[in-house]
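The values are calculated or read from the model by the stated rules, or taken from the named source; none is laboratory data. Bear in mind that the values here come from a model prediction, so they are computed numbers and not experimental data. Cβ placement follows ideal geometry from the backbone for every residue including glycine, while neighbour counts extend to all protein chains displayed. Ligands, DNA and RNA are stripped out before the accessible areas are found, and what is left, the full protein with its side chains, is counted by its heavy atoms. Shrake-Rupley method; radii C 1.70, N 1.55, O 1.52, S 1.80 Å.
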Amino acid sequence: MGIMMMILGLLVIIVCICSALLRWNQMRYSKKGLPPGTMGWPIFGETTEFLKQGPDFMKNQRLRYGSFFKSHILGCPTIVSMDAELNRYILMNESKGLVAGYPQSMLDILGTCNIAAVHGPSHRLMRGSLLSLISPAMMKDHLLPKIDDFMRNYLCGWDDLETVDIQEKTKHMAFLSSLLQIAETLIKPEVEEYRTEFFKLVVGTLSVPIDLPGTNYRCGIQARNNIDRLLTELMQKRRESGETFTDMLGYLMKKEDNRYLLTDKEIRDQVVTILYSGYETVSTTSMMALKYLHDHPKALDELRREHLAIRERKRPDEPLILDDIKSMKFTRAVIFETSRLATIVNGVLRKTTHDLELNGYLIPKGWRIYVYTREINYDTSLYEDPMIFNPWRWMVSVLYFFFLFFMCHCVLLFETFVAHKEGFFMQEKSLESKSYFLLFGGGARLCPGKELGISEVSSFLHYFVTKYRWEEKGGEKLMVFPRVSAPKGYHLKCSPY
């Protein structure tokens with residue numbers, strides 16, 4: 001009886017302590033002018049609930065507090081914004097004190113010179129350097145030929161395998177394709193060493209920044225140090241060789257005719273940026289596109305017609321060129337619809353550089369603002385039947401063009417077409433510049449590698465759908481948060497087309 005009373009007393013004490021901690025943490029962030037919301041536990045906040053419940057956590061908080069509320073996630077006090085117009089304002093106004101504010105674990109592992117970590121002149125330098133590497137001329141003459149050759153070879157022989165785990169294949173594809181563009185001279189053992197460390201780094205970027213042995217954060221930091229060592233050795237070898245290299249690393253290290261001269265640390269951070277930023281978006285978009293196309297045969301037929309028409313114009317061994325990528329209108333629509341419906345990117349983070357008023361509330365200096373775009377992708381006021389995979393919703397501008405052309409032809413008034421052609425181009429542009437179109441970020445932080453990523457996914461789909469038919473094996477479930485993934489893999493049986 002005495003033992004039972006002691007246990008009961010301990011439980012009461014624990015409950016009281018927990019209640020007191022929750023109450024204390026809530027009062028700590030109850031400054032006048034802050035939006036409503038809950039802050040959870042000291043230090044950890046509501047990170048556990050956020051990562052476990054994901055979209056359900058956000059929906060519940062929105063029902064309780066509206067589309068603009070406070071929380072404490074990923075190690076810092078955070079304002080969550082789920083309003084389309086307000087999100088666009090936040091992304092377009094970095095100069096007003098809304099700078100990039102990614103989690104500490106991500107900043108520590110990706111580097112202090114990472115494009116997501118810097119702002120002002122440093123951001124312009126790093127962004128300018130990155131854009132120079134993926135300019136249209138670089139895409140045409142250097143990057144696309146490498147991507148095409150890689151995809152053509154990487155996708156060979158999949159019909160000889162019992163099953164193909166597309167999740168693993170697309171992860172390796174995205175990483176290897178980027179690494180080839182960065183340093184084309186690496187031999188297989190070196191590539192494997194980079195790959196091993198990189199996958200540890202990726203896991204560490206979305207972890208609580210507690211530097212203890214065995215934690216994902218510690219493993220991520222160690223992996224980044226190892227990648228830095230590998231890059232330093234590679235750069236030293238290249239300098240000693242005196243050779244000229246035409247890959248991305250070669251252009252970053254070039255001293256002559258280089259408007260964006262970087263230090264060695266900035267170069268290493270830039271390389272990690274390129275590897276990291278395209279890895280998850282390219283791999284997951286490729287996997288989910290195949291999933292949606294499998295489930296929607298009409299979309300697959302339309303996509304395959306587009307790619308077979310391109311192949312009919314070419315010799316069997318003739319590579320894709322930039323004009324081919326630009327002609328893939330329906331493929332682009334499939335990529336956008338896949339990104340929207342799967343929500344490859346849930347949102348972006350900003351940080352306040354001073355106390356500022358936003359949406360009628362006073363946000364303290366140093367707080368994060370989570371521009372949460374996931375629910376916007378499923379808003380019925382923005383997208384008709386948002387839970388349905390419908391790539392044709394992105395083809396409105398093409399239909400508009402043909403309507404105008406038909407009208408002009410019928411009435412023999414070419415002037416009408418001339419008068420409206422500007423409207424056509426504005427219409428086409430507006431599809432990707434609506435206030436709620438935030439699939440690639442927005443403002444000064446609009447993803448600089450957007451077109452490169454689209455080219456990689458387009459090339460993958462081109463060779464996959466022209467080589468293979470496929471059927472699903474296993475029926476494994478997909479997770480949608482915090483990352484889109486198939487915990488047990490996504491297995492397909494491929495056969496020749």
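Values computed for the structure shown
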| read-out | value |
| --- | --- |
| Those residues of region 244-261 which are over 24 Å from Ser122 (Cβ atoms) and out of contact with any helix residue (DSSP H, G or I) (no Cβ under 9 Å at 6 or more places or on another chain), in sequence order | none |
| Residues being open to solvent by less than 40 Å² (accessible area, probe 1.4 Å) and either over 17 Å from Thr338 (Cα atoms) or not in a strand (DSSP E or B) (or both) - total across region 475-497 | 7 |
| Given (1) of a type in the set (D, E, K, R); (2) surrounded by 21 or more Cβ atoms within 10 Å (Cβ to Cβ); (3) not in a helix (DSSP H, G or I), number of the condition Arg268 does not satisfy | (3) |
| Residue in region 130-155 that is surrounded by the most Cβ atoms within 10 Å (Cβ to Cβ), counting only those that are in contact (Cβ under 8 Å) with a residue 24 or more places away in the chain and outside any helix (DSSP H, G or I) | Ile134 |
| Condition check for Arg218: outside any helix (DSSP H, G or I), open to solvent by 40 Å² or more (accessible area, probe 1.4 Å) and more than 20 Å from Phe175 (Cβ to Cβ) | no |
| Residues within region 51-99 that are modelled with pLDDT of 85 or more and at positive phi, tallied | 2 |
| Cross-chain or 6+ apart pairs with Cβ under 9 Å, region 440-455 first and free of Cβ contacts under 8 Å to residues at least 40 places away in the same chain and under 13 Å from Leu131 (Cα atoms), then part of a loop (DSSP other than H, G, I, E, B) and aromatic (Phe, Trp, Tyr) | Leu446/Phe440; Lys450/Phe440 |
| Positions within region 243-261 being assigned to a loop (DSSP other than H, G, I, E, B) and either under 14 Å from Gly111 (Cα atoms) or of a type in the set (Gly, Ala, Ser) (or both), in sequence order | none |
| Enumeration of residues in region 114-129 that are surrounded by fewer than 20 Cβ atoms within 10 Å (Cβ to Cβ), part of a helix (DSSP H, G or I) and either small (Gly, Ala, Ser) or touching a residue at least 12 places away in the same chain (Cβ under 8 Å) (or both) | Ser122, His123, Leu125, Arg127, Gly128 |
| Of all residues in region 185-214 being open to solvent by 40 Å² or more (accessible area, probe 1.4 Å) and in contact with a Ser or Thr (Cβ under 8 Å, 6 or more places away or on another chain), the one that is farthest from Gly347 (Cα to Cα) | Pro209 |
| Flag if Asp317 is touching a helix residue (DSSP H, G or I) at 6+ places or on another chain (Cβ under 9 Å), among the acidic types (Asp, Glu) and surrounded by fewer than 20 Cβ atoms within 10 Å (Cβ to Cβ) | yes |
| Some residue of region 221-242 being surrounded by fewer than 15 Cβ atoms within 10 Å (Cβ to Cβ), free of Cβ contacts under 8 Å to residues at least 24 places away in the same chain and assigned to a loop (DSSP other than H, G, I, E, B) | yes |
| Pairs where the first residue, in region 475-497, is at positive phi and the second is of a type in the set (D, E, K, R) and open to solvent by 60 Å² or more (accessible area, probe 1.4 Å), C-beta under 7 Å, 6+ apart | Gly489/Glu168 |
